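The values are calculated or read from the model by the stated rules, or taken from the named source; none is laboratory data. Keep in mind that what you see is a predicted model, and the values were worked out from it rather than measured. Reconstructed Cβ throughout: ideal geometry from the backbone, glycine too, with neighbour counts over all protein chains shown. Only protein heavy atoms, including side chains, enter the accessible area calculation; ligands, DNA and RNA are left aside. Shrake-Rupley method; radii C 1.70, N 1.55, O 1.52, S 1.80 Å.
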Amino acid sequence: MAHQKNNQCIHCSVESCQHHEVENLCSLADIQVTPKKGCCNGKADESMCSSYKCKY
């Protein structure tokens, strides 16, 4: 599937991620979101950003 550029902006407040930038922006052009193992509750904590990389 081809990815088309648009005006999407990724906001993220996870400061321990190496992609975190000032003003809570993510430096990646796109992210991968996956479900957490064994979690299917229909709430926001059901998923996580799989593009996370620890900057420490």
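What distance in nm separates the two pseudo spin-label positions at Asn41 and Glu21, each 7 Å out from Cα along the beta-carbon direction?
3.4
Please list, in order, the residues from segment 22-50 whose amide nitrogen is less than 17 Å from a point placed 7 Å along the Cα→Cβ vector of Cys9.
Flagged as within label range: 22-31.
Go through Cys49, Thr34, Gln8 and say which Cα lies farthest out towards the positive end of the charge dipole of the chain; charges sit on Cβ, +1 for Lys and Arg, -1 for Asp and Glu.
Of the options given, the answer is Thr34.
Using a 1.4 Å probe on the protein heavy atoms, what percent of the accessible area of the chain belongs to carbon and sulfur? List each step's numbers first, then the result.
Details: 2560 of 4970 Å².
Percent of accessible area from carbon and sulfur atoms in the chain: 52.
Under a Cβ-only charge scheme (Lys and Arg +1, Asp and Glu -1), can you give me the dipole magnitude of the chain about the Cα centre, in debye to the nearest 20?
That gives a dipole near 220 debye.
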